[in-house]
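Note sheet for the following structure.
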Amino acid sequence: MSEPQWLTWARDVQAIAQNGLTFCQNPYDRERYEQLRQLSANMIAALGDTTPETVMALITPERGYATPKIDVRGAVFNAQGEILMVREAIDNDRWTLPGGWADVNFTTAENTLKEVLEESGYTAEIVKLAALWDRNRQGHPPDIFSCAKVFYLCRLTGGSASADNLETSGVGWFDRNALPDDLSLTRLLPHQLRRMFDHFDRPELATDYD
């Protein structure tokens, strides 16, 4: 899945508007940046089958210099070489690696282990940083925000299966030859999942990036 060029342009316009509103004090220039933000919302709404009001509700709360959001994922393996996956309750119970948006005051590694525990009931330790990918370059469904996806290879240390019921509705372990087909594609793609097995087999592999 390739991101449409118009979305890249609209995202650029939104970032310019947000940065301008962050630093500019001139009221006339601020008005122009507000117009740019509305233009970005109109573009996304017209071409993305939604409404300008919906888009504005998403982008208006964004403050400060526009930077990518950070999504963390934990690729936790057990002694049998199986990978831990959870069902995403808000995405029709599709499977993904435990993770989510990174919270402030935690490192990306701490965020990952916290998400693993909260979403699956298991504890783990970090083995290595496996991948740092740009979501929009990987083939995920298009999104209005830029996002850096951080994947850590992890080793199981304890715990037991326990879905949190709010975000996840199920927990499972999967062998590389029996991976689920119904993935939450906004969070995890098949080639990313398979790549985690490569890192498990060969921990000396360098971190993937794009």
So which lysines pass the test for K128, namely a Cα distance under 17 Å, with those fewer than 8 places away in the same chain ruled out? K114, K149
From the protein chains alone at 1.4 Å, what is the descending order of accessible area for E53, E125, largest first? E53, E125
Multiply the residue separation of R137 and D181 by 0.36 nm, subtract the distance between their alpha-carbon atoms, and state the gained length in nm to one decimal. 13.7 nm
Helix 108-120 versus the longest principal axis of the chain: what angle, 0 to 90°, nearest 10, using Cα atoms? 60 degrees
Per residue accessible area in Å² of the chain, where ligands, DNA and RNA are left out and the probe is 1.4 Å: 53 Å²
Karplus-derived 3J(HN,Hα), 6.51/-1.76/1.60, for each residue of the stretch 41-48, Hz, glycine and proline x: 4, 5, 4, 5, 5, 5, 9, x
Sort 170-177, 27-34 by the packing proxy (mean of other Cβ within 10 Å over each peptide's residues), most packed first. 170-177, 27-34
Would you check the accessible area of M56, probe 1.4 Å, heavy atoms only, in square angstrom rounded to 10? 40 Å²
So how exposed is I90, as accessible area in Å² (1.4 Å probe, rounded to 10)? 130 Å²
With every protein chain present, what accessible area does W101 have (1.4 Å probe, heavy atoms only), rounded to the nearest 10 Å²? 130 Å²
Read phi for every residue in the stretch 183-192 and hand back ³J(HN,Hα) as whole Hz from Karplus 6.51 cos²θ - 1.76 cosθ + 1.60, θ = phi - 60°, with x for Gly and Pro. 8, 7, 5, 6, 10, 8, 10, x, 5, 5
May I ask for the net charge around W9, where only other residues with Cβ less than 15 Å from the Cβ of W9 are counted and Lys, Arg are +1 while Asp, Glu are -1? -1
Tell me, what is a quarter of the convex hull surface for the C-alpha atoms of the stretch 60-210, in nm² with one decimal? 9.2 nm²
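The values are calculated or read from the model by the stated rules, or taken from the named source; none is laboratory data. A quick note: this is a predicted structure, and the numbers were derived from the prediction, not measured. So basically every Cβ, Gly included, is an ideal-geometry build from the backbone, and we count neighbours across all protein chains shown. To get the accessible areas, we keep the full protein, side chains included, count just its heavy atoms, and leave off ligands, DNA and RNA. Shrake-Rupley method; radii C 1.70, N 1.55, O 1.52, S 1.80 Å.
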